[in-house]
Amino acid sequence: MAPSLEGVSSSEVNLEDVLTLANKPFNVKLNNKHISWNYKKKQPFSNKEKKNWTCKNKVPIEEVIAVEYVERASKQTEDGDMEMVSLNSSIFRLHIIKRAPKYVWRMKAVELHCSNSAQCALWVDTIRSLLEKYTNRPKSLLVFINPYGGKRKAKKIFDEKVAAIFDLAGITSHVIITERADHAKEYIQSRDLNRYDGIVCVGGDGMFAELLNGVINLHNTRMRVDLDDCNSRLMQPPMRIGVIPAGSTDTVAYCTTGINDAVTSALHIVVGDSMAIDVCSVRNGLTGKLIRFCVSMLGYGFYGDVLRDSENLRWMGPVRYDYSGFRTFLKNRSYDAMISYLPSQSLQDNHHPGLEDGLRCYSGYAIPSPIS
């Protein structure tokens, strides 16, 4: 079947052809939203045979990571070595997302053989033009790696599991290895971040909190927002923050992707997935002065002592919290605290403002914008 492409100049794409996959002919279709390939075979003799030979695949374009040419030709050099020869390929490889159980994402490669190089170029160019329309996908990322977090494997995780995925998706990564506490926060507050589409932290919840505070402080300072005034309305930073889990608990990764898996998080970043999260400001009770922002949790007393005691036990990994928690429990300390709050005015009618539109409601204060 000759390739047919309708509406190249418009937003409608309709490309259909018979291509070869694993030495079998497949009817491959492409439109603005999906690419599908179905096994093409002559009419079977029975329904049982038809069922056995059915092979259908349909993938949303938004879950296509990349498409590339496959060059198979090689020649022998004068030294006797084999080298690849550049040629007009008639094979292209489609990299797509494969959804596994328990929120795990993996990458799958599908090689499709065309009848000639012109046909192959048409498919590759068309798919790439569709991917370019997803403007939410990052092209340039600032990556911070915390080599001391968790089991101290952040750099290895990025190099072995994440870097290749970013490269395949055409993402340029500027990598910074942090050397001390607040290194990342100080860096982003002293640099022009306009050339980046997002910031990625490879580490745990502490690394994410550091970047979060840096981004919010930087943007609101430039917008002349008084962060020490509890009545000030915070401005939502346009910069997005991505998380590659490499810490001990990885609470933020669990809450955003459902699992602490580096490859899954990297693929979510590549396709431009984002979600708004609630941000809490911690202030001095007497002056209202800002102490810091937090997202995952805020601890006082017993839990604070557990975290402090576990800092020197990072080599133990997540189990250090159990060990420190047991030691702190045996000390049997007591903690004094007073909690005050403003009840919602609509509490009597069981209506909670802000839940329907995704915004947090601060009773007595202006409703702030969500921080992505």
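The values are calculated or read from the model by the stated rules, or taken from the named source; none is laboratory data. Since the structure is predicted, the reported quantities are computational estimates derived from the model, not experimental observations. Neighbour counts are summed over all protein chains in view; Cβ atoms, including those assigned to glycine, are modelled from backbone coordinates with ideal geometry. Protein only, heavy atoms only, side chains kept; ligands, DNA and RNA dropped before computing areas. Shrake-Rupley method; radii C 1.70, N 1.55, O 1.52, S 1.80 Å.
The table that follows gives values for the structure above.
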| read-out | value |
| --- | --- |
| SER129, SER190, reordered so the largest accessible area comes first (probe 1.4 Å) | SER190, SER129 |
| Set LYS98/LYS161; LYS29/LYS102; LYS56/LYS139; LYS133/LYS153 screened for pairs whose C-alpha atoms are more than 27 Å apart | LYS29/LYS102; LYS56/LYS139; LYS133/LYS153 |
| Protein accessible area in region 117-188, 1.4 Å probe - carbon and sulfur % | 50 percent |
| Spin-label pair HIS183/LYS24, simplified geometry with 7 Å Cα→Cβ offset, distance in nm | 5.1 nm |
| With all protein chains modelled, accessible area of LYS24 [1.4 Å, Å²] | 80 Å² |
| With all protein chains modelled, accessible area of VAL59 [1.4 Å, Å²] | 10 Å² |
| Accessible surface of ILE177 - all protein chains present, 1.4 Å probe, nearest 10 Å² | 60 Å² |
| Net length gained if the chain between VAL319 and TYR148 were fully extended (0.36 nm per residue, minus Cα distance) | 59.9 nm |
| P(r) weight above 28 Å for region 184-317, C-alpha pairs, percent | 22 percent |
| Å² of accessible area per residue within region 121-257, as computed with a 1.4 Å probe and no ligands counted | 48 Å² |
| Contour excess over end-to-end distance, with Cα ends at ILE291 and LEU342 and 0.36 nm allotted per residue | 16.3 nm |
| Overall Cα dimensions of region 114-172 - principal axes, largest extent first, Å | 51, 25, 13 |
| Computed label-point distance, nm, for sites ILE259 and LYS102 using a 7 Å Cα→Cβ extension | 0.7 nm |
